Structure formats: structure tokens, C-alpha cells
Amino acid sequence: MRDKKLVAPSMLAADFGNLASDIDMVNQSDADWFHLDVMDGVFVPNISFGMAVIKAMAKHTSKPLDVHLMIVDPDRYIQTFADLGADVLTVHVEACTHLHRSLQSIKAAGMKAGVALNPHTPVSDLSHTIADIDLVCLMSVNPGFGGQSFIEATYQKVRELRALIDANDASTLIEIDGGVTDQNATQLIDAGADVLVAGSYVFSAADPSSTIASLSAQINS
């Protein structure tokens, strides 16, 4: 039996006026992870939520926290996010001067180590570190804002990354973040993806829980 493909709703698209309700919905749904985008207004042109919000959320979540740092100098905060309860911590290769050191620090803090690539960054930038990476998050939109259109070149990038992982006999998961819907989910999985982050598609739906269930069923059929 092949490994289960995962759905990670992006809480950036949740209703922050009713956040507890949306957290409970994800807890009760077929979702596998909570995806949390942390933005600093410097690395990306937007500011999202920080430590206080994640600390409050972590008290109510019953599934792994997949934390995506879209910030400069992420090494300063690795232990902080470990203490907050992050299970996966993803840093951007574009923000890490010493990526290997960052990966080792994340693992030493007890988390899975993720690396995110912006749309313009080639997969080959990870050729010397792929064996040390637990998850690669391919940005399929330009990071910073939710609700953007999916970048079609992502499919080829997934195939290239899958080939790199297989060539190194690595167990790295491929995560897709941005513009994921039922219209591209199957094609992404077929290209080699393992985890799909869905924000606006889930939280703007009339029935988010049903939408998550449908997406999970689609990619695991």
C-alpha cells in the first residue's frame, strides 16, 4: 500500500474572528496537519501571525503543526517555535546563509526540518542537502498573500524534485503551497507530491470540512 497523501489546511485563510471554531473544524475533519504561515513583512510583503497566536492555537490543535517561516534570519527563532509545539519547521532556502546548519538546528530542537523554495528558485539548489531535508515546500504562488493563482510550471518542478529525492534514496516529502484546488490536486500527486496545502479553497467553501474530505479522498483514491 502506498503512503497516504496529506492535506494541510492553511490557517492563514481561516476566519480570525472565529478562529477557535475553524481550529475545531480542522481537528474534526479528514485533514492531516495544520499549516501555519509566519510572515514578517520583510522577507515577504505581508505580516501574518506570530508567536502569541500560535501559542494560543497550539492549546486547541490535535494534529501536527506544520510551521512555514517566511522570515529573514529564521535561525534566531528555531528554538522558539520548537517550544511553541511545531512538529515541522520549514525555512526558506533564500533566507538561509548556511542551510545545512539551519537544518541541523531544527532537528536538534526535535522537529522535522523543512525547506521552502520560491517559484524562481531551482530545485538544484538542494542537491547537496536533500538527504538532510524531511520536507520540501514548493511555493506554487509567489509567497506573501493567499488566494493567488497556481503557477503551472510547478508540475515540472515537482517532477524534478522527485527525481532528485529518488536519486539520493532520500525519504523527503514534497509539499505544495499555493493555489491548490480539486482542479490540480491529482496532477500534483501524479507528478510526485505528498502534501497539499489548501487555504482559500478550503476556508472559502460553503462546507470546509466536506471540501477537505473530498480533497483527501481524491488524492488517495
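Quick grid of which residues meet (1) in contact with a strand residue (DSSP E or B) (Cβ under 6 Å, 6 or more places away or on another chain); (2) crowded, with 21+ Cβ neighbours inside 10 Å; (3) at pLDDT 95 or above:
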| residue | (1), (2), (3) |
| --- | --- |
| F16 | no, no, no |
| V38 | yes, yes, yes |
| I47 | yes, no, no |
| A52 | no, no, no |
| H60 | no, no, yes |
| D66 | yes, yes, yes |
| V72 | no, no, yes |
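Table: residues versus (1) under 18 Å from G114 (Cα atoms); (2) surrounded by fewer than 18 Cβ atoms within 10 Å (Cβ to Cβ).
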site: H128; (1), (2): yes, yes
site: L138; (1), (2): yes, no
site: P143; (1), (2): yes, no
site: F150; (1), (2): no, yes
site: Q156; (1), (2): no, yes
site: D169; (1), (2): yes, yes
site: I176; (1), (2): yes, no
site: G179; (1), (2): no, no
site: N184; (1), (2): no, no
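So that you can scan it fast, the table gives a plain yes or no per residue for (1) closer than 23 Å to D40 by Cα; (2) part of a strand (DSSP E or B); (3) in contact (Cβ under 8 Å) with a residue 60 or more places away in the chain:
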{"site": "A131", "(1), (2), (3)": "no, no, no"}
{"site": "C137", "(1), (2), (3)": "yes, yes, yes"}
{"site": "G144", "(1), (2), (3)": "yes, no, yes"}
{"site": "E160", "(1), (2), (3)": "no, no, no"}
{"site": "L164", "(1), (2), (3)": "no, no, no"}
{"site": "V202", "(1), (2), (3)": "no, no, yes"}
{"site": "S210", "(1), (2), (3)": "no, no, no"}
{"site": "S214", "(1), (2), (3)": "no, no, no"}
Checking T80 against (1) at pLDDT 95 or above; (2) within 26 Å of V123 (Cα to Cα), the condition it does not meet: (2)
Test: residue in the range 28-36 that is farther than 23 Å from I174 by Cα and either among the acidic types (D, E) or modelled with pLDDT of 95 or more (or both): yes
Members of the range 162-179 found to be more than 17 Å from V88 (Cβ to Cβ) and in contact with a helix residue (DSSP H, G or I) (Cβ under 6 Å, 6 or more places away or on another chain), listed by number: L164, N168
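The values are calculated or read from the model by the stated rules, or taken from the named source; none is laboratory data. For clarity, every value in this text was computed on a predicted model and none was experimentally measured. So basically every Cβ, Gly included, is an ideal-geometry build from the backbone, and we count neighbours across all protein chains shown.
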